[in-house]
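For reference, the structure discussed in these notes is given below.
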Amino acid sequence: MNAAVELDPRIRRGVSEAWGLGPRARFSPLGNGLINRTLLVRDDGRRRVLQCLNTHVFRDPELVMRNCHAVTAHLGRERAAGRYGYAVLELVPTLAGEPAAVLDDGSWWRMYDHVPDTRTHDTTAAPALTFEAARGFGAFASALCGLDRDSVGEVIPHFHDPVRRFHAFRAALAADRAGRAAAAVRECNAALAFDEALAHWQHLLEAGLPWRITHNDCKLNNLLFDAGGRAVCVVDLDTVMPGSLLFDFGDMGRTMLSPVPEDCPDPERIEVRRDHFAALARGYIEGCGELLAPLERDNLVFAARLVTGVIGLRFLTDHLDGDRYFRVAHPGHNLERARNQFALYAALTRQADALQALVPRSA
């Protein structure tokens, strides 16, 4: 059981008034997300999830909440119709009927029902768990294909855009705001080499790569599992917006193919587990059903390379900027994350042909 935390009295009073929490409500940390602050609330035998939106990252919290409502309502309808076999996050409105509470200090808080008897994983040791995760995220994408794309806005413009991320890195390197570039030469050289992937990305866009409603943060720990390893519920819906399925598959690849987490400081431990890639591709294709176009299926390995490189750029950019975006546990944490991602990118590049041969052929 996580240790209780004491909230600032003004925050506690604000959220308690918003949702009618009792004086004995207890709060404890939940998960290890890098952006929002997430707490488990125990109040009169009920368990709920309380989250403070990071409005530095999500500049339009009203849009985030509208998106979350649109997505959860649609998934709820799909589940009720028997077309979606997973649990759906349920937003708990405030006593005033609002989807979120804006406190006196300007902070945005929202509450979800807690999905009981579930757990998260940061890494997966068994290909069966990788398969189950991929199928869950695939089913999520398939269920959203019936949602009008105009009903979901772009909460972070150009979120995964590799060209924009590469240019942002180049700008951060030139500015060297935190004076860290000299000690990160090796990582910066690896980041500069990422430009070789940009030409193929442009080719895919010109070839008509489909744009859909996607999760855009398909890390393993954004799925809840039961004790038997079955995927139960997709969580962290803040980045659900128009995007490419390659972004989602790529994020799964970068967090499930290596046996160590994304902030492992030892690049020698990073490898690409081919049995996990085979399970990942098989599970995602099964979960997506008929959704995947040939152009998407034929570029699943490139997707893993692309997103791994993009996240490496983002970690390194944040390190050079002075750790202003991702939460860090110690100085150099973002540099370790970037080093990890570029090592995985190199391993994926070396094995690209062998991995693509593991992708199931279309029927």
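Details
- Among 122, 238, 44, the largest mean-square fluctuation in a Gaussian network model of the chain (Cα springs under 10 Å) belongs to 44.
- Within a Gaussian network of the chain (alpha carbon springs, distance under 10 Å), most fluctuating of 237, 205, 21: 205
- Within the listed set 22, 76, 289, the Gaussian network model of the chain (springs between alpha-carbon atoms below 10 Å) gives the highest mean-square fluctuation for 22.
- Applying 1/(1 + (r/R0)^6) with R0 = 30 Å to the Cβ-Cβ distance of residue 62 and residue 290 gives a FRET efficiency near 0.30.
- Three-way shape call for segment 127-356 based on the alpha-carbon gyration tensor, with the a/c threshold at 1.5: prolate
- For segment 9-113, the relative contact order works out to 27 percent when only alpha carbon pairs closer than 8 Å and six or more residues apart are counted.
- Taking every alpha-carbon pair under 8 Å whose residues sit at least 6 apart, the chain reaches a relative contact order of 19 percent.
- Sorted by Cβ density within 10 Å, fewest first, the residues 160, 203, 330: 330, 203, 160
- DSSP H segments from the chain that extend 18 Å or more along their own axis, Cα-based, with Kyte-Doolittle mean of 0.0 or above: 127-144, 162-175, 300-321
- Of all DSSP-defined beta bridges confined to the chain, some 95% are antiparallel rather than parallel.
- Centre separation in Å (Cα based) which lies between segment 226-264 and segment 114-139: 9 Å
- Stretched out straight at 0.36 nm per residue, the stretch from residue 176 to residue 298 would grow longer than its current Cα-Cα span by 40.1 nm.
- Taking the charge dipole of segment 127-356 about its Cα centre, with +1 at Lys and Arg Cβ atoms and -1 at Asp and Glu Cβ atoms, the residue from 140, 178, 201 reaching farthest to the positive side is 178.
- GluC sites (Glu not before Pro) restricted to segment 257-328 and DSSP loop, no more than 16 other C-beta within 10 Å: 271, 290
FYI, it's all coordinate maths here, none of it is from the lab. The structure presented is a predicted model; accordingly, all values stated were derived computationally and were not measured. Ideal geometry is used to build each Cβ from the backbone, glycine not excepted, and the neighbour counts take in all protein chains shown.
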